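Asks: Encoded as C-alpha cells, here's the structure I'll be asking about.
The values are calculated or read from the model by the stated rules, or taken from the named source; none is laboratory data. Everything quoted here is computed from the prediction, not taken from an experiment. Every residue, glycine as well, gets a Cβ built from its backbone with ideal geometry; the counts of neighbours run over all protein chains shown.
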C-alpha cells in the first residue's frame, strides 16, 4: 500500500478513535519484543485502549447515525499495514497497525450499496510477530458473520461506528453484542442477546 493511500485511510480513521499506549519494538537482531519481553514462538500481545467517537445507545440510534448497516461475513484480509518510526537507538517502534478486512455482504439492512464485497478497516492485527489489539474491540474472526454499523473511513473503506458497539456477532439465529460473545472482556456496548 502506498504511503499516500495509507495517510488518507489513517486520517479517515483518526476521528473514529483516539489511541493511547501502543508500543512494540523490533530490535536490531530481529527479535520481536513488547511489554511482555522477547517472543518465544508465540506472538507478543500488545493491548491498546481507545476512546470511541460515535457511540450509540440503541439499535435505532445506531442505524440513524451509520451510513450503512449490513450483515456480512469476514472473508479474509491482506497482511496488516503498520506505520513505524525509529526510537533513535536502532529499534523500530510500531505507531499504528491497521487491518483491512474483506467482508462479503449477505444483506443490506440500512443505507445503499451495490457491491457484494466491501473493505472494513480495524485498528490492530498481527505485525512481525506482535499481535496488536484494542482491549474492547476484538479482532474480526475469519468466517464469522457480523452485523456492522458503518461509516466511511477513506476511499473505498469503511470503519465501524462507535468501535465495539458498532459490531454485533451473528451465530445461527442468535445476534449478540461483543460483550456477550466475549464475556471475559470488559466491552462497553449495548449488551444485546437476540434470538
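Asks: Looking at (1) free of Cβ contacts under 8 Å to residues at least 60 places away in the same chain; (2) surrounded by fewer than 22 Cβ atoms within 10 Å (Cβ to Cβ); (3) within 14 Å of residue 72 (Cα to Cα), which is the only condition residue 120 fails?
Replies: Going through the list (1) free of Cβ contacts under 8 Å to residues at least 60 places away in the same chain; (2) surrounded by fewer than 22 Cβ atoms within 10 Å (Cβ to Cβ); (3) within 14 Å of residue 72 (Cα to Cα), residue 120 breaks only (2).
Residue-wise test of (1) part of a loop (DSSP other than H, G, I, E, B); (2) loosely packed, with under 15 Cβ neighbours inside 10 Å; (3) modelled with pLDDT under 95; (4) touching a helix residue (DSSP H, G or I) at 6+ places or on another chain (Cβ under 9 Å).
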| position | (1), (2), (3), (4) |
| --- | --- |
| 28 | yes, yes, yes, no |
| 72 | no, no, no, no |
| 79 | yes, yes, yes, no |
| 93 | no, no, yes, no |
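Asks: Could you please give the count of residues in the stretch 145-163 that are surrounded by fewer than 24 Cβ atoms within 10 Å (Cβ to Cβ), touching a strand residue (DSSP E or B) at 6+ places or on another chain (Cβ under 9 Å), touching a residue at least 60 places away in the same chain (Cβ under 8 Å) and not in a strand (DSSP E or B)?
Replies: 0
Asks: When you scan the stretch 139-150, do you find a residue that is at pLDDT 95 or above and at positive phi, even just one?
Replies: Among the residues of the stretch 139-150, at least one is at pLDDT 95 or above and at positive phi, which makes the answer yes.
Asks: Looking at 84, 123, can you tell me which residue is within 16 Å of residue 160 (Cα to Cα) and in a strand (DSSP E or B)?
Replies: Matching residue, one of 84, 123: 123.
Asks: Looking at the stretch 95-116, which of its residues are on the phi < 0 side of the Ramachandran plot, touching a residue at least 12 places away in the same chain (Cβ under 8 Å) and in a loop (DSSP other than H, G, I, E, B)?
Replies: 112, 113, 116
Asks: Being crowded, with 20+ Cβ neighbours inside 10 Å and in contact with a strand residue (DSSP E or B) (Cβ under 6 Å, 6 or more places away or on another chain): is that true of residue 142 here?
Replies: For residue 142, the condition - crowded, with 20+ Cβ neighbours inside 10 Å and in contact with a strand residue (DSSP E or B) (Cβ under 6 Å, 6 or more places away or on another chain) - is not met.
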